[in-house]
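Every read-out reported here was derived from the displayed coordinates using simple, explicitly stated rules and does not represent laboratory data. For clarity, every value in this text was computed on a predicted model and none was experimentally measured. Quick reminder, even Gly has a Cβ in these numbers, built from the backbone with ideal geometry, and neighbours come from all protein chains shown.
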Amino acid sequence: MLSGHFALELLSPGEYSVRVEANGMSPQVTPQLHVDVGGTAEIDFQLKIAGAQESLLVSAGPVAVETKPAAVSMLLDERSVNDFPLNGRRFSDLALFSPGVTQDPRGLTSATSGDLSFGGIRGTQNTFLVDGGDYNNAFFSQARGRYRAPYQFSTEVVQEFRVSSNSYGAEQGRSGGAVVNVVTKSGSNHLHGTAFYYLRDSSFGAALPFLAFKPHNRQQQVGGTIGGH
């Protein structure tokens, strides 16, 4: 009896199918299996001896259950990123849809909306990963470009991200807060583009109950993207 264990790491999120072959054994192919960012899928193969006649067995595909990781996490896929309401086009604010996440009042100023606080821990204790790389500003203890230079990339390029707020592995976390693991869209030979226009105007909202007038406020965001994906 022969046995072996194989691990494929750093796979891009998407649909995968695995085929196993061995001399004198019938090959085995799995149905398409969806792999999420930060997720783990375990597949077991039991090859049978190839004979003169072979029978075809059709069964349901293996369920992508995380049997080993014990992290408390939430996955936000591309549809959630595109459909959820987002004030300011800062993708990291979508983490507020995760349980136990609030805006850290200690970071609120007239120019910022505050860091993200997970479970009451200060927002500067979070870790951000983008495509497996470090995305932290070591001086300010924030994600790069959250409120300061060098940059903050557009929500349009985010494919999905996972927010792990507790019990995550040592290979991800280095802080006392949460780990936000982001994957950007991959490229291809097909050219696509998007354009967007977001408008916030005080005329669309209700008047304040303690004011006899409605203060004027208007915010517009215009932009677009072009690339192969």
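In the neighborhood of PHE97, defined by Cβ-to-Cβ distances under 15 Å, what is the net charge if each Lys or Arg adds +1 and each Asp or Glu adds -1? Once positives and negatives cancel, what remains is -2.
Within the shell defined by Cβ-Cβ distances under 12 Å, the residues around THR184 carry a net charge of -3, with Lys and Arg each +1 and Asp and Glu each -1. Subtracting the Cα-Cα distance of SER167 and SER80 from their residue separation scaled by 0.36 nm leaves 28.9 nm.
Using the Cβ-Cβ distance between THR194 and ASN217 with R0 set to 30 Å, the FRET efficiency from 1/(1 + (r/R0)^6) comes to roughly 0.65.
Here the label points at GLU21 and PHE139, each 7 Å from Cα along the C-beta direction, are separated by 5.6 nm in the simple model.
Given R0 = 25 Å, the distance between the Cβ atoms of VAL58 and PHE6 translates into a calculated FRET efficiency of 0.50.
If you take all other residues with their beta carbon under 13 Å from the beta carbon of ARG218, and give Lys and Arg +1 and Asp and Glu -1, the sum is +1. Taking the number of Cβ atoms within 10 Å of each Cβ as an exposure proxy, the fewest-first ranking of VAL163, VAL158 is VAL158, VAL163.
The label point for THR30 and the one for LEU96, both projected 7 Å from the Cα toward the Cβ, are 3.8 nm apart.
Take each peptide in 74-80, 41-47, count the other Cβ atoms within 10 Å of every residue, and average; sorted highest first, the result is 74-80, 41-47.
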